[in-house]
Each structure stands twice: as structure tokens, then as C-alpha cells.
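I have placed the structure first, in the form of C-alpha cells, so that the comments after it can refer back to it.
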Amino acid sequence: MSASSPEPIWGFPRGPSLLPTYGGGRRGDALHERMMLELCFDGHEARWSDALIVRTRRHIGGCFATLEREIRQELEKTLVDGLDVANALPPDYCWRAIQRRPAIVSAALLRHCRDRAALSLMGQEAADIPAALAEIGRDGWLPADLADTLRMITTMVAEWLDTSPDHVPMPAQLPAELMRDLVWSVSALITDALVRTDLLPTLEMVALVHRAGKAVLERYDEQESPLAHAALFALRLRGAAIGDEAFLWLARNRHILPLLALIADRNGIQLRHVISTSVEGAEQMLFQLCRAAGLPREAAVRLVLARRGVARGVDDAALIEYSDQYDSLSRADAHAATMTLTLDEIYRERLTALSHWGAEDDG
């Protein structure tokens, strides 16, 4: 079947309607629309920095490229007569395809790539990594095994600083559900291209790519991701009698991911929600999260200031006001202010939807 063939491939008509459109009602469309507006305009609502937009694009391209490489390798193992994947697919095919049809990137995957791009911008500069690794454990507040874990996290997050072209692979290191999203998105793009080559019957090609995707998923271990190690780091520190100096050390040395993991653990919030809040939330909410977790004011201020390279926020006068009020805010009140982040995500979304529908919809 040629690329120009109008006939359906999957049993229903092909066309633009097969891909979700911005504003089409799909869950998460708002994030796609927000990203598109950020790229096109520069008004008050456009909060993300140019650096974050560029880095997010790099992370999306790098993750898709990594999985394209892995699925290609799996397909090349099949040794099916007539299947020459290397010549059938042009180099960097998935990245080229995404640029034509960006809505294939789900809102959840987009958010994750944006968040880890933000973490890389908020953390150490690449040139600072060797010195940062050498400093870990010197102050004596970390047990040796946890110092090793922190070095591992620092090294893995440093890989997110990669500034290669967007189509160059970079470590995916995704939560399991997002790796599944990425694998099947890449598989769909590859399948869509290969069935147009007439190398194999359509259903046989679909089955081959499906087996390749399953093989990649089966060997993936999400526990080897920086987020998983950071959550474990915070969990193992839960019972340790660490004081303000530990939080200050992490903040001063810009170990942002471990610091956010401690905030998440102490507040009973999923780490990914704390990370997203640190990127897109209001500064006042960040101060409240820090206060609820018991961080000293300096650590909270440093975290909020680190976010300034990622997103626009309130002016200096408002930040000074939040900082001045920090110690007078009780931890109980801070917990109450951030309580909604502890709720199950679906529960929170449904409550928000109900509040938007309004009382007039009640029967």
C-alpha cells in the first residue's frame, strides 16, 4: 500500500480526525493548547521561559529517539524475509513525524518532559556537577549509603542537561505508565510508516511491531529512574533526625529533585505532583509546601528563586512579602492550604469539574 493510498488501514477511515485536536475534548488538551500559546505569544499568561520550552522539546525528542532506536533493534532481531527496517524507515523518523503531528505526544508525557526539563534548569549547571559530586557526604549529615544514592541521583539528573540536537537519544527514565505511553506511541508511528512500504501484509507488520514494543516494556525497570531513587532517598531519610542544615545544604547546592522528594514525603504527596507544582504553581503555594514540610525559610526562598529561570511569577515585592510571612505561618495552616495535593488525582479532577458545572446543574 502506498503512502498516497486513500484506503483505510485499521478498519476505519484515515484522516485528521484520527489524531486528537487541540480543544477537541480529550483529557489533557488544555496542556497542549497552553504549550502552543506559550510558543506563539508573550502575554501575561505565558509563564514558561524560552529555556524551558527549548529544553522540553529536547526531552521529548530525546525520549522518542531512544525508544525508536530500541524498537528498531527489536525488529531487526526478527529476521523476517523482506523486512529491512533500516532502509524502510528514514533516520530520526519519529522526531520528524512528531513535528508534523505533535498531538501524538500525550498530555501526561508532555508534562513529564516539561517537568524534568525544569528540574535540569533549576539544578546544577553541567560544569558544576563534578564539584557537586565531590561535596556529597563531606558534611557528615548523610550516612554513607545515602550519600551514594544522592551521587547516583545527581549523576542521572546531569544526563538531563544534554544539549544535543532534539533528535539525538537521551535516557528515557520514565515512570512505568509513561514508558508504556511512550513505547506504544513510538510503535504506532513506526507501524504507520512501515505498513505504507508494502514489505509485509498489514496485520503481520502490526503483530511484529507489537511484539517489539512488548519486549522493550518487559525489560524496562522504572526503579532505575531518578524519580524512583529520589523517592527512596526521601523514604530512607524519614526516620533520620535530620535538621535544618540538611535542607539548607540541599538547597544551597541545588539538589532540587532530592529536596522536592523530601517535601513530597513529609507532606504525603506524590512526588510527581510536587514537581509539577514547583514548575507551574504559584510561588505562594511553593512557600506553603515548604512550610508544611518544615523547611527553614532560606531553603524555601532558594527553591522559589531557582524556579525563576523556568517560569515567570510575581514581582520581587510579593516574594519578599511571602518570605517575611513564612515563619509566622503555622505548619498546620500550611498543611491545610496544600491539602488538595494529597487527594487522589481523579478525585481532585472530578471535584474541580463539579465546581465548574455550577449549582444550576444540580437536579
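Calculate I(q)/I(0) for the chain by the Debye formula, one identical point scatterer on each C-alpha and no solvent, and give its log10 at q = 0.08 Å⁻¹ to two decimals.
So the normalised log intensities work out to -0.47.
Sketch the reach of a paramagnetic label on ARG331 as a point 7 Å from Cα along Cα-to-Cβ, and name the residues of the stretch 238-256 whose backbone nitrogen lies under 18 Å away.
Output list for this probe position: 238-249.
Report the full-extension gain for the segment ILE346 to ALA126: residue separation times 0.36 nm, less the Cα-Cα distance, to one decimal in nm.
Full extension of this stretch gives 75.5 nm more.
Taking 4 °C and 1.567 mPa s as the conditions, I'd like the Stokes-Einstein D for the stretch 282-363 in µm²/s, using the Kirkwood hydrodynamic radius from alpha carbon pairs.
Calculated translational D: 90 µm²/s.
Only helices at least 15 Å long along their own axis, judged from Cα atoms, and with Kyte-Doolittle mean hydropathy of 0.0 or greater: name those in the chain from DSSP H.
29-40, 107-122, 144-158, 176-194, 202-218, 226-237, 256-267
Counting other C-beta atoms within 10 Å, which of HIS210, HIS59, HIS356 has the fewest, and how do the rest follow?
HIS356, HIS210, HIS59
Taking neighbour Cβ counts within 10 Å as the exposure measure, how do LEU303, LEU194, LEU79 sort from fewest upward?
Result, fewest neighbours first: LEU79, LEU194, LEU303.
Would you mind checking the stretch 140-181 for residues with the amide N under 16 Å from a putative spin-label position 7 Å along Cα→C-beta of ALA241?
Answer for this model: 141-143.
What is the mean projected area of the alpha carbon convex hull for the stretch 225-350, to one decimal in square nanometres?
Mean orientational projected area (the stretch 225-350, Cα hull): 7.9 nm².
Provide the gained length on full extension for the span ASP221 to THR155, in nm with one decimal, where the gain is 0.36 nm per separating residue minus the Cα-Cα distance.
22.0 nm
As a footprinting exposure proxy, order TYR322, TYR347 by other Cβ within 10 Å, with the fewest listed first.
Fewest to most other Cβ atoms nearby, the residues stand as TYR347, TYR322.
Quick one: P(r) of the stretch 146-291 from all Cα-Cα pairs, 10 Å bins, percents rounded to integers, in order of increasing distance.
In order of increasing distance, the bins hold 10, 31, 28, 17, 10, 4, 1 percent.
Using a 7 Å offset from the Cα along the Cα-to-Cβ direction at both ALA86 and ALA317, what is the distance between the two label points in nm, to one decimal?
Inter-label distance under the simple model: 6.6 nm.
Coordinate-derived values only; no laboratory data. Source: prediction; values computed, not measured. No Cβ is skipped: glycine too gets one built from the backbone with ideal geometry, and neighbour counts run over all protein chains shown.
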